[in-house]
Amino acid sequence: MWVYLNDRFVKKEHARVSVFDHGFLYGDGVYETLRTYDGRMFLWERHVARLRRSCELIGLTLPLSDEAWTPIIGELLIRNGLQDSGLRLTVSRGEGELGLDPRLCPHPTVVVVAKPVVMYTDQQREQGLELHLASVRRNPQLAQSPQIKSLSFLNNILAKQEAVRVGADDALMLNMDAYVAECTTSNIFFIKNQCLYTPAVECGILEGITREVVLELANEQGVKIEEGRYTLECLLQADECFMTNTGIEVMAVSKIGDCPIGQGKRGLLTGELQKVFKENVNRYLGPCLTALDA
């Protein structure tokens, strides 16, 4: 496996970052995850814009232009023999002396990793995933903006640990006001009486790009949509529920804690949105990166 590290491609076993890197020491940095289909990036412009935003919010200068990432990612896909992949772009504050002052780090560290996508079977998508209601609350917005895709991920990790301990697939997190927020790496939607609901940005969620796409597609299909603040009780009384992120796309939720959602499996509208998403993926893809030199 090849990895891009700063200005070169290196084998996985040689991809090493300094123990004095502030990303390692303090979680001082940001990242972005995205997907390729047949060697084509899914909504690259939105992803790189979000990466820039994350950098700006922590006062970190992004060392590469938007255009400079493309040949790097294309080469990485070719070296790893990948067409359908999950990509992670990481930018840390970089190596520096001990201390919190960002000025201690003159050069950011850049890492790009590409790996095969985890594929879910039709049966898994029909059955859906089970969620655990985490006791850990989502970080309040005034403490750390959820619009920063930060390397400091301990809040989500603690919730994920709870889910693992009880055998659930993932954890659902509430915000400090006890409203539904999001899962550890996914946005959440629910359906009641054919209306699609999802927590508003004001609930302290990350504005997921797959979330945006689902809202766009649902609107095109004439689905009634509402974004707002919702209690756990509203969610548990839903007819259907699903999660969205780059890797899972649209994934049904069958159960939260001991409470089945609807019929305890994928609902009709969730299935329709899965289908519509698949049918429209191509319209969101850029040029084929693995054929740039052909």
Review point. What is the antiparallel percent of DSSP beta bridges lying wholly in segment 122-281, to the nearest 5?
Key: 60 percent
Exercise for review: Determine, for each peptide in 201-214, 115-128, the mean count of other beta carbons within 10 angstrom over its residues, then list the peptides with the highest first.
Suggested key: 201-214, 115-128
Study note, to complete from the structure: The distance between the Cα centres of segment 211-285 and segment 86-144, in whole Å, is 22 Å
Point to revise | Cα gyration tensor category, rounded, prolate or oblate, for segment 100-188 with a/c compared to 1.5 | key: oblate
Revision key, fill the gap. Treating only Lys and Arg (+1) and Asp and Glu (-1) as charged, each at its beta carbon, one finds that the chain has a dipole about its Cα centre, in Debye to the nearest 20, of 380 debye
Study note, to complete from the structure: Per the charge dipole of the chain (beta-carbon charges, Lys/Arg positive, Asp/Glu negative, Cα centre), the residue among Val118, Ser186, Leu232 reaching farthest to the positive end is Val118
Practice item. Of the options Gly96, Ile148, Gly262, report the single residue whose Cα projects farthest towards the positive end of the charge dipole of the chain (beta-carbon charges: Lys, Arg +1; Asp, Glu -1). Key: Gly96
Review point. Taking Cα atoms, how many degrees apart are the long axis of helix 66-79 and the longest axis of the chain, rounded to 10 and kept between 0 and 90?
Key: 90 degrees
Review point. Given q = 0.13, 0.15 Å⁻¹, what are the Debye log10 I(q)/I(0) values for segment 1-78, with equal point scatterers placed on the Cα positions and solvent ignored?
Key: -0.47, -0.64
Exercise for review: Report, in debye and to the nearest 20, how large the dipole of segment 156-196 comes out about its Cα centre when Lys and Arg carry +1 and Asp and Glu carry -1 on their Cβ.
Suggested key: 60 debye
Point to revise | Rounded to whole Hz, the Karplus (6.51, -1.76, 1.60) HN-Hα couplings of segment 225-241, x for glycine and proline | key: 10, 9, 10, x, 9, 10, 7, 4, 4, 4, 5, 5, 8, 5, 7, 8, 8
Point to revise | Highest average packing first - 167-174, 274-281, 147-154, Cβ atoms within 10 Å | key: 167-174, 147-154, 274-281
Exercise for review: Over all alpha-carbon pairs of segment 164-208, lay out the pair-distance distribution in 5 Å bins, whole %, shortest bin first.
Suggested key: 5, 21, 26, 21, 17, 8, 2
Review point. How many times 2.2 N^0.38 Å is the alpha carbon radius of gyration of segment 122-281?
Key: 0.96
Review point. Once phi is turned into ³J(HN,Hα) by the Karplus curve 6.51 cos²θ - 1.76 cosθ + 1.60 with θ = phi - 60°, what whole-Hz value does each residue of segment 11-16 show in order, with x for glycine and proline?
Key: 5, 3, 5, 10, 7, 10
Check your understanding: Near Lys149, which lysines are there with a Cα under 22 Å away, not counting those fewer than 8 places off in the same chain?
Key -> Lys115, Lys160
Review point. When the chain is modelled as a GNM with alpha-carbon springs shorter than 10 Å, which of Ser18, Ser92, Ser145 fluctuates the most?
Key: Ser18
**Study point:** Among 71-82, 4-15, the order from most to least packed when residues are scored by Cβ within 10 Å on average
**Key:** 71-82, 4-15
Check your understanding: Helix 268-280 sits at what angle to the longest principal axis of the chain, using alpha carbons and giving 0 to 90 degrees rounded to 10?
Key -> 30 degrees
Check your understanding: Taking the Cα centre of segment 25-122 as origin and charging only Cβ (+1 Lys, Arg; -1 Asp, Glu), how large is the dipole, in debye to the nearest 20?
Key -> 100 debye
Point to revise | Rg and Dmax of segment 62-154, Cα atoms only, in Å | key: 18.4, 52
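Values quoted throughout were computed directly from the atomic coordinates according to the rules given, and no laboratory measurement underlies them. No experiment lies behind these values; they were computed from the predicted model shown. Cβ sites come from the backbone with ideal geometry, for glycine too, and all protein chains shown count toward neighbours.
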